[in-house]
């Protein structure tokens, strides 16, 4: 499969089953109906998958922390021809993906659990002790992403790819409060650059950052950059008319009631 064919297949995944998988990409949604199959901007996601195709070995083993809104990104990663192990805390999302017509993997590779828990780490290692790539997309806060990096990045083989998804910069007024990009910048400065490793960025406000794993980082990720604690979540103003309303930095915003409680990943979808 060449690059063009792979992009066409991913576009088919994004549009083949609106009822089960949603439709399209995060940047192709109507304001009144946000339900993308792949919860990333199209160009950023396709460029990232192209990068993995050019960088990883044939039939790579990939670890995905967080399935996204509908799981279409998981199906897209399987187009690389390898095995994709995924971790998500939403049992309904895992069941829905496992039942999707386009799902071709092993249901046992869909791990229900909290990516922060040791039990989940043990379950993942039982399936594969090492990976060619890890995609960290399960937390939208600076401290949470730092903790995910400490736990999961060392599982990537030297020469593999570690990817960090940051949607917080797409949330305008909330971006300074959560700053996943600040963790990415500190990681690049304090850990990657001393090893001669360069961080790449795919996308703009909602971005995927990726770097090639270095053997010094495989052994230990315990000394992550010192990150400030995440601030308290915005206060709830009230719930009504199908929306929960929150305050943030002197302003306010609303998310659908079924999206509460607040987290930056959810706010980025509004």
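The values are calculated or read from the model by the stated rules, or taken from the named source; none is laboratory data. Predicted, not measured: the structure shown is a model, and the values here were computed from it. In this analysis, Cβ positions are derived from the backbone assuming ideal geometry, glycine residues included, and neighbour counts consider all displayed protein chains.
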Scope segment 12-41; condition touching a residue at least 24 places away in the same chain (Cβ under 8 Å) and assigned to a helix (DSSP H, G or I); matching residues
13, 14, 20, 21
Filter segment 1-11 down to the residues that are assigned to a helix (DSSP H, G or I) and touching a residue at least 60 places away in the same chain (Cβ under 8 Å) and list them by number.
6, 9, 10
Is there a residue in segment 59-77 that is under 17 Å from the mean Cα position of the chain (by Cα) and surrounded by fewer than 17 Cβ atoms within 10 Å (Cβ to Cβ)?
no
So which of 184, 180 ends up being crowded, with 20+ Cβ neighbours inside 10 Å, at pLDDT 90 or above, closer than 19 Å to residue 141 by Cβ and touching a strand residue (DSSP E or B) at 6+ places or on another chain (Cβ under 7 Å)?
184
Members of segment 96-119 that are without any contact (Cβ under 8 Å) to a residue 24 or more places away in the chain and either under 18 Å from residue 60 (Cα atoms) or exposed (fewer than 13 other Cβ atoms within 10 Å of the Cβ) (or both)
106, 107, 108, 118, 119
Just the residues that are more than 17 Å from residue 205 (Cβ to Cβ), in contact with a strand residue (DSSP E or B) (Cβ under 6 Å, 6 or more places away or on another chain) and without any contact (Cβ under 8 Å) to a residue 40 or more places away in the chain, please, taken from segment 42-66.
none
State all residues of segment 208-252 that are in contact with a strand residue (DSSP E or B) (Cβ under 9 Å, 6 or more places away or on another chain), at pLDDT below 70 and crowded, with 17+ Cβ neighbours inside 10 Å; if no residue qualifies, say none.
234
Candidates 201, 142 - the one that is at pLDDT 80 or above, under 20 Å from the mean Cα position of the chain (by Cα) and more than 25 Å from residue 56 (Cα to Cα)
142
Find the residue count for segment 42-76, including only residues that are over 18 Å from residue 26 (Cα atoms) and assigned to a loop (DSSP other than H, G, I, E, B).
5
